[in-house]
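Structure first, then comments.
The values are calculated or read from the model by the stated rules, or taken from the named source; none is laboratory data. Every value quoted in this text rests on a predicted model; they were computed, and no experiment measured them. No Cβ is skipped: glycine too gets one built from the backbone with ideal geometry, and neighbour counts run over all protein chains shown.
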Amino acid sequence: MFMPIQKHGQDKGWEMPEYEIEQQVEKYWERFERQLSDEERQKLEYLLQEENEQFVDPTVDHPVPAVEIARWLNPESLLDVLKPSYPYFDFIRERLGPRLRFLAYFTLCKRRNLWQAYHSLDEEGYLKLGFLEEPRYELVREFVNERLGVDRFPVVMDWIVKELKVRLRKKDIVLGERVFEDATDIRSLKHDPEAKYSGYYGHAGYKVDITLDANHAVPLAYIPLGITDDEGQCLIPSQEHLLSLSIQEKERIVDLKYATYANIAYSEQHGVSLVYEQAENWVYNQEGDPEEIKRQYQQYHREKDFVAGANLEFMLQYLYRHGEQEVVGAFYRNQHMKQLEEHPEEIQRKLDERGSKMEGFNGQGKLTTPLDDHPGRRGWRQFLYRTGLVMLGWVFAALIRVQHGVVDHLTNVTYIF
């Protein structure tokens with residue numbers, strides 16, 4: 001057995017000279033790197049680069065290029081959303097991360113179209129996004145417009161919102177407990193045959209109904225509409241959509257267009273307190289009187305599921321299940337009018353908050369995203385395309401921030417260029 005030689009009374013063992021250690025380490029890394037595939041080598045370089053850099057949140061004093069935001073997206077939890085787009089998903093899975101980062105870049109870079117976004121990056125930019133080399137335009141075009149496309153933009157957004165919900169929950173932040181809902185108008189190009197003119201807005205175009213987290217300004221759902229369509233019809237689909245994302249809202253603040261008997265009844269029967277202002281011509285509705293509720297309930301006394309002596313809450317649930325939406329909605333609206341009389345300041349404060357934040361979000365969106373600026377092409381599908389990309393940009397910005405420990409101003413894209 002080899003024993004180290006001790007010299008001059010020292011009790012420590014023999015040490016290899018530093019230059020020999022360096023040579024051994026270099027040889028080790030050479031052998032290690034020779035065994036790596038190109039993809040594994042690129043991933044190692046990316047990880048080592050990330051180790052020496054830190055995510056920088058854009059601010060008014062420090063604007064940040066979109067590529068320096070998108071490069072920090074960790075796409076791992078989102079990759080499975082692409083399964084339906086690739087029959088050979090398992091084979092190509094590891095190559096899809098850079099494509100998702102490019103999608104994030106496209107939604108954040110404020111270029112008018114995919115061609116401009118593609119040519120706005122050089123090879124270094126593509127390497128930052130995780131590509132092994134600058135991709136062909138056809139690759140990113142196929143990914144964005146065909147593998148995903150207009151119809152799957154909302155699906156990608158749902159995956160991002162669910163991931164956001166999970167990550168924020170770990171920080172004791174619950175997404176979607178309080179929400180605002182409102183629609184904003186979107187101008188169309190002149191002579192768009194699919195766009196209608198609105199006398200209310202004073203121009204032709206479309207609009208989009210947005211459900212927004214009240215505390216963090218994160219869009220949770222959106223519904224594209226014609227500019228003359230009734231956005232009040234969007235409330236129930238929006239609430240159903242949030243439930244499909246396992247988001248349980250407790251309070252939804254809306255304007256009068258949403259305060260229909262059907263919407264009020266649906267919200268309250270699903271545990272959501274609907275907050276809205278009172279129209280000048282509203283009066284107490286006798287159909288919603290508790291005694292009238294009992295009378296309406298008694299009409300079902302021959303039904304097998306009828307329960308004698310039921311309390312008011314049970315009767316309301318029963319009538320709702322049997323299609324008596326106006327009766328149930330009238331009861332809750334009467335209660336809301338009573339609350340407005342007793343606590344007008346509290347409800348007005350919520351309505352003012354919603355007006356301020358919702359208008360601010362929509363206004364900022366029109367100024368800092370392509371939502372209402374230079375549509376590029378005419379038609380409904382182009383409107384869906386542009387709107388979908390803008391919504392994705394907001395939630396991508398939020399997810400990237402949360403992935404790197406930022407929980408404030410999540411959807412602010414003003415200082416991303």
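Before moving on, here are some points about what is shown:
- If you filter the range 401-417 down to residues that are surrounded by 19 or more Cβ atoms within 10 Å (Cβ to Cβ) and in contact with a helix residue (DSSP H, G or I) (Cβ under 6 Å, 6 or more places away or on another chain), you find that the one that is farthest from Val156 (Cα to Cα) is Ile416.
- For Trp380, the requirement of being over 20 Å from Asp158 (Cβ atoms), surrounded by 16 or more Cβ atoms within 10 Å (Cβ to Cβ) and of a type in the set (A, V, I, L, M, F, W, C) is met.
- Filtering the range 59-78 to residues that are surrounded by 12 or more Cβ atoms within 10 Å (Cβ to Cβ), of a type outside the set (Ser, Thr, Tyr) and part of a helix (DSSP H, G or I) leaves Ala66, Val67, Glu68, Ile69, Ala70, Leu78.
- Qualifying residue in the range 243-265 (condition: surrounded by 20 or more Cβ atoms within 10 Å (Cβ to Cβ), free of Cβ contacts under 8 Å to residues at least 24 places away in the same chain and more than 30 Å from Lys196 (Cα to Cα)): no
- Test: Tyr318 is in contact (Cβ under 8 Å) with a residue 40 or more places away in the chain and touching a helix residue (DSSP H, G or I) at 6+ places or on another chain (Cβ under 8 Å): no
- If the condition is being in a helix (DSSP H, G or I) and farther than 30 Å from Val166 by Cα, then the range 214-231 contributes no residue at all.
- Yes/no for Leu220 being touching a Leu at 6+ places or on another chain (Cβ under 7 Å) and under 17 Å from Arg354 (Cβ atoms): yes
- Qualifying residues in the range 99-131 (those that are touching a Lys or Arg at 6+ places or on another chain (Cβ under 9 Å) and either among the β-branched types (Val, Ile, Thr) or outside any helix (DSSP H, G or I) (or both)) - the one surrounded by the most Cβ atoms within 10 Å (Cβ to Cβ): Leu121
- Residues that are hydrophobic (A, V, I, L, M, F, W, C) and either assigned to a loop (DSSP other than H, G, I, E, B) or loosely packed, with under 13 Cβ neighbours inside 10 Å (or both), drawn from the range 297-323: Phe306, Val307, Ala308, Ala310, Leu312, Phe314
- From the list Glu292, Glu326, the lone residue that is in contact (Cβ under 8 Å) with a residue 40 or more places away in the chain and either touching a helix residue (DSSP H, G or I) at 6+ places or on another chain (Cβ under 7 Å) or outside any helix (DSSP H, G or I) (or both) is Glu326.
- Taking the listed residues Glu287, Glu277, Glu292, the one that is over 24 Å from Tyr258 (Cβ atoms), assigned by TED's automatic domain parsing to the domain that holds Glu326 and surrounded by 10 or more Cβ atoms within 10 Å (Cβ to Cβ) is Glu292, with no other qualifying.
- Those residues of the range 177-213 which are among the basic types (Lys, Arg) and in a loop (DSSP other than H, G, I, E, B), in sequence order: Lys190
- Residue in the range 79-98 that is outside any helix (DSSP H, G or I), touching a Leu at 6+ places or on another chain (Cβ under 7 Å) and at negative phi present: yes
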